[in-house]
Amino acid sequence: MFPVIPRRKIHGYSAILLPYTSTTEVDWAAFNAHLQRTAQAGLIPAVNMDTGYAHLLEPATRREVLRQTRQTLGNSPFVAGTVVVDRPGSAFDAAAYQHEIEQILTFGGIPVIFQSYGLTGLPPDRLLEAYAGFGRLAERFIAFELGSMFAPFGQIYPLEVFEGLLGIPQCVAAKHSSLSRRLEWQRLQLRDRLRPDFQILTGNDLAIDMVIYGSDYLLGLSTFAPDYFALRDRWWQAGDPRFYELNDVLQYLGWFAFRHPTPAYRHSAAQFLWLRGWIASSQPHPLCPRRPRSDLPILREILHRLEQFKDA
């Protein structure tokens, strides 16, 4: 059994949903409001991630996301995905990654290295050379292992490649989205042995209690309820047993929202935020897979269960 770490301070990053209007335009006012409530809850916003439809957006829209984020957050920190859109069989495009990294740095964000066909198609030695090259562009960056259930260009690296990432000083964290406890525990063991200050950011929306074993998180699920995630995290640090009760409800939401087809969780997020009165429309990006309207009563019941913790 992997040991639990009581009362540890949990560091949370939340991938921000990009809301759309009923006429399929970006709802910038709702986006900015969600950025603010996420930061005010104590979580670090992550923009231009899978939750924000990053690889479905035009470059100009991704840049506007960065501009709006910096304008809204002021000096507060944020992280952002480096989105390089290519095709199966494409060569690794170092220049495109450089452009993305430099653009994020221009707006004061920390780059999260989004995978691409070209990047994940590299053999292990060249793959690690590519990440070392990212470190020559950015003093700090976050690696990202994305399971193929989220995006076809994603890849979970062999453990020896992950060990190589730990040897790159500028790589300060890695988001791990395999949805496998076993693979994440392996990475925690390696981290604890080789580089204890390195952050493993769980992306396992089906096992959000990975934080009790030493992971931090960068989740899409937390965009549904940054306030309740922050409360859960505080309860763990305080040794409050209510952590488990709240975590159970949040996990129920995760299992429901991240069922097959997994990418449709973004529509679930829009539905849930609409039920909360935080966005004006439950419309997702036009290319996002849809959930049925029959999900709404179930999501409403989960919201009611969460609200019992509101005044705790």
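The values are calculated or read from the model by the stated rules, or taken from the named source; none is laboratory data. Remember, it's a predicted structure, so these values are computed and weren't measured experimentally. Cβ placement follows ideal geometry from the backbone for every residue including glycine, while neighbour counts extend to all protein chains displayed. When the accessible area is computed, the model is the full protein with side chains, heavy atoms only, and any ligands, DNA or RNA have been set aside. Shrake-Rupley method; radii C 1.70, N 1.55, O 1.52, S 1.80 Å.
Observations on the model:
Listed here are the residues, each with its yes/no results for (1) in contact with a Phe, Trp or Tyr (Cβ under 8 Å, 6 or more places away or on another chain); (2) polar (S, T, N, Q); (3) buried (at least 18 other Cβ atoms within 10 Å of the Cβ).
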| residue | (1), (2), (3) |
| --- | --- |
| R193 | no, no, no |
| T202 | yes, yes, yes |
| L206 | yes, no, no |
| F224 | yes, no, yes |
| D227 | no, no, yes |
| L231 | yes, no, yes |
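- Criterion violated by V172 - all others in (1) in contact with a Leu (Cβ under 7 Å, 6 or more places away or on another chain); (2) open to solvent by 30 Å² or more (accessible area, probe 1.4 Å); (3) aliphatic (A, V, I, L, M) satisfied: (1)
- When each of A29, A41, A15, A46 is tested for being open to solvent by less than 10 Å² (accessible area, probe 1.4 Å), more than 16 Å from F272 (Cα to Cα) and not β-branched (V, I, T), the lone residue that passes is A46.
- Hits in region 150-184 (condition: of a type outside the set (S, T, N, Q) and under 12 Å from N204 (Cα atoms)): F150, K175, H176, L179, R181, R182, L183, E184
- So G254, is it within 26 Å of F2 (Cα to Cα) and touching a Pro at 6+ places or on another chain (Cβ under 9 Å): no
- Number of residues in region 89-120 that are touching a residue at least 60 places away in the same chain (Cβ under 8 Å) and surrounded by fewer than 18 Cβ atoms within 10 Å (Cβ to Cβ): the value is 0.
- Flag if F229 is of a type in the set (A, V, I, L, M, F, W, C), without any contact (Cβ under 8 Å) to a residue 24 or more places away in the chain, assigned to a helix (DSSP H, G or I) and in contact with a helix residue (DSSP H, G or I) (Cβ under 9 Å, 6 or more places away or on another chain): no
- Complete set of residues in region 253-312 that are hydroxyl-bearing (S, T, Y) and open to solvent by 60 Å² or more (accessible area, probe 1.4 Å): S294
- Checked against the criterion of being touching a Lys or Arg at 6+ places or on another chain (Cβ under 9 Å), closer than 30 Å to L231 by Cα and at pLDDT 95 or above, the candidates A41, A46 yield just one match: A46.
- Any hit, region 151-159, residues being assigned to a loop (DSSP other than H, G, I, E, B), touching a residue at least 60 places away in the same chain (Cβ under 8 Å) and of a type in the set (A, V, I, L, M, F, W, C): yes
- Lone unmet requirement of (1) farther than 22 Å from V79 by Cα; (2) open to solvent by 60 Å² or more (accessible area, probe 1.4 Å); (3) not in a helix (DSSP H, G or I) for R182: (3)
- Qualifying residue in region 56-65 (condition: buried (at least 20 other Cβ atoms within 10 Å of the Cβ) and either under 20 Å from I156 (Cβ atoms) or modelled with pLDDT under 95 (or both)): no
- Criterion: more than 16 Å from the chain's Cα centre (by Cα), β-branched (V, I, T) and part of a loop (DSSP other than H, G, I, E, B) - qualifying residue of I279, I212: I279
- Considering region 1-20, and only residues there that are at pLDDT 95 or above and among the hydrophobic types (A, V, I, L, M, F, W, C), the residue that is farthest from A174 (Cα to Cα) turns out to be L18.
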